[in-house]
Amino acid sequence: MIRKIITYPNPLLNSVSKPLETVDDSVRTLLADMAETMYVADGVGLAAPQIGVGLRVIVVDVGGESGPGLLKMVNPEILSRDGEIEWEEGCLSVPDLRVMMKRSKRIRAKYLDENGAIKELDAEDLLAVAIQHEIDHLDGKLIIDNVGRIRRDLYLRKRKRAEEHARESIVL
Ligand code: NI
């Protein structure tokens, strides 16, 4: 089922999500819904708080032939980091904004898969960036937290105008 993606400045996006104790059918349904929602929205990652669910659950699929494909990660955490990379990131919850972010180039992550098995994964470049971005969501952090107040205010005004315009143009 496709879920609605909430957007900044919804305060749910700034909350710290809770870890799960078990991976049961309700979590598997959540993961499946999140993957579907991510693909429809054309994103490479999605975190549960983006659909208003405060649990430490993410999905990531950066595509590519050699990549791992769709990753469903419960309670993801970064075990180690190496190197640095700058990446211009966007976010489905912060539409029409791109922010240059400094990330670790390589990470080793630990998580539970959809069967509750403990997994470890080495990731670099885009995959590493995507996992770091999604884990930030679980900690209530957004890319817009890394821009200055002037650019943030400008963004909010622009979004408000766009939303008003969208409302006016709905004629049924
Ligand atoms: Ni995001």
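Per residue, the Cα convex hull of segment 1-50 amounts to 82 Å³.
Computed from the alpha carbon positions, the gyration tensor of segment 86-172 leads to an equivalent ellipsoid with semi-axes of 33, 18, 10 Å, biggest first. Per the Cα gyration tensor, segment 11-146 maps to an equivalent ellipsoid with semi-axes of 20, 18, 14 Å, ordered largest to smallest.
Ratio to report: Rg/Rh of segment 59-124, with Cα atoms as the point set and Rh obtained by the Kirkwood method; give two decimals. Present the calculation step by step, with values, prior to reporting the outcome.
Values: Rg = 13.4 Å, Rh = 13.4 Å.
With Rh from the inverse mean 1/r over Cα pairs, Rg/Rh is 1.00.
Between LEU70 and LYS18, the distance separating the two model label sites (each 7 Å from Cα on the Cα→Cβ line) works out to 2.7 nm.
Need one number: convex hull volume per residue for segment 106-157, Cα atoms only, in Å³. Intermediate values should be presented prior to the final figure.
On the way: hull volume 5.4 nm³, N = 52.
Normalising the Cα hull of segment 106-157 by residue number yields 105 Å³.
Counting only GluC sites (Glu not before Pro) that are in a DSSP loop and have at most 13 other C-beta atoms within 10 Å, tell me the longest site-free stretch of the chain.
On the way: sites that count: GLU21, GLU65, GLU84.
The segment 85-172 is the longest one with no such site.
Summing +1 for each Lys or Arg and -1 for each Asp or Glu among the other residues whose beta-carbon sits under 9 angstrom from that of ILE51 gives +1. Spatially, segment 131-172 and segment 14-53 are offset by 20 Å when compared through their Cα centroids.
Give me the net charge of LEU31's neighbourhood, meaning all other residues with Cβ under 9 Å from the Cβ of LEU31; Lys, Arg count +1, Asp, Glu -1.
Working: positive: ARG28, LYS72; negative: ASP33, GLU114.
Residues close to LEU31 contribute a combined charge of 0.
We did not get these values from a lab; they are worked out from the coordinates using the rules stated. These numbers were taken from a predicted model, which means no experiment stands behind them. A quick note on method: Cβ atoms are made from the backbone with ideal geometry, for glycine too, and the neighbour counts reach across all protein chains shown.
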